[in-house]
Amino acid sequence: MMAEERAVVEVEACTKSFDAGAGVVTAVDDVSLELVRGELVALVGPSGSGKSTLLSLVGALLAPTAGTVRFEGTDLTDLDDRQRTALRATRVGLVFQTAALVPFLTAAENVALVGGFAGMATGAARSRAEQLLTELELGARKDHRPGQLSGGEQQRVAIARAMLNEPRLLLADEPTAHLDRQRGSQVIELVAQAVHEHRCAGLVVTHDERIASQADRILRIEDGRLVDG
């Protein structure tokens, strides 16, 4: 395998359990998968199937109870909290169910804001933010605040924000949950575009088969386990 085709994320026999008080709940059960550059993978499953927990393991937000998660060859269990935070700030982009934009900042300011966490200079972050908003057809609205943008436009700003640090991995957790079908489809199309054009690995969590069909590959999860078909 060529170096540039090497998996960005390798998950091997991962399990994640939580103490629920009345007993232990296993949210992810012996899962293995790979995410490679330039490919958007959809993780599909019903509510409570373990989708978001698996996404959190892949994105270094949670540590597995058992098994291994490697990010570009580095075993995440070997990193302390500070190192994991630094990895997320510089190499992972996150898009959530809601755009979660700062209401008193403009679109460009919201995107550039995360540059500080990645160690970017203010001017460079602002320039990169404006470039990304233009790519996502929001250049003319870069100075608008979230309240002046539609839900779909806000999610496009969130995608730009996630791409600011030129991540190796783009994660999207139910990014279309609060959008109608047409706007949701447009958002996933833009996520796929970002993954393909910027050559990062992508994982989108969804319960919507129509949304999943826009990904390059579909994985299905039930009761914490990946299933065929």
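The values are calculated or read from the model by the stated rules, or taken from the named source; none is laboratory data. The shown structure was predicted, so the numbers you read here are calculated from the model rather than taken from an experiment. Neighbour counts run over all protein chains shown; Cβ positions are idealised from the backbone, glycine included.
Observations on the structure shown:
- Meets criteria (under 21 Å from residue 50 (Cα atoms) and buried (at least 18 other Cβ atoms within 10 Å of the Cβ)) for residue 192: no
- Residues in segment 122-145 that are within 9 Å of residue 111 (Cβ to Cβ) and not basic (Lys, Arg): 5 in all.
- Pair list, Cβ under 9 Å, 6 or more apart: segment 211-229 residue under 14 Å from residue 29 (Cβ atoms), other residue of a type in the set (Phe, Trp, Tyr) and not in a loop (DSSP other than H, G, I, E, B): none
- Count of segment 172-229 residues which are over 19 Å from residue 133 (Cβ atoms), of a type in the set (D, E, K, R) and more than 15 Å from the chain's Cα centre (by Cα): 12
- Close contacts from segment 15-26, counting a first residue that is under 17 Å from residue 67 (Cα atoms) and a second that is among the acidic types (Asp, Glu) and in a strand (DSSP E or B), with Cβ to Cβ under 9 Å and a gap of 6+ residues or different chains, come to 15/29; 15/30; 16/29; 17/29; 25/19.
- Long-range neighbours under 9 Å by Cβ, at least six apart or interchain, first residue under 20 Å from residue 85 (Cα atoms) within segment 119-136, second modelled with pLDDT under 95 and among the hydroxyl-bearing types (Ser, Thr, Tyr): 119/90
- The criterion of being in contact with a Gly (Cβ under 8 Å, 6 or more places away or on another chain) and more than 15 Å from residue 106 (Cα to Cα) holds for residue 170.
- Count of residues meeting criterion [among the hydroxyl-bearing types (Ser, Thr, Tyr), closer than 14 Å to residue 15 by Cα and not in a helix (DSSP H, G or I)] in segment 50-80: 2
- Only a single criterion out of (1) more than 30 Å from residue 223 (Cα to Cα); (2) surrounded by fewer than 17 Cβ atoms within 10 Å (Cβ to Cβ); (3) within 19 Å of the chain's Cα centre (by Cα) is not satisfied by residue 127, namely (3).
- Positions within segment 195-229 being crowded, with 22+ Cβ neighbours inside 10 Å and either basic (Lys, Arg) or in a loop (DSSP other than H, G, I, E, B) (or both), in sequence order: 200, 215, 224
- Residue in segment 171-179 that is among the β-branched types (Val, Ile, Thr) and surrounded by fewer than 20 Cβ atoms within 10 Å (Cβ to Cβ) present: no
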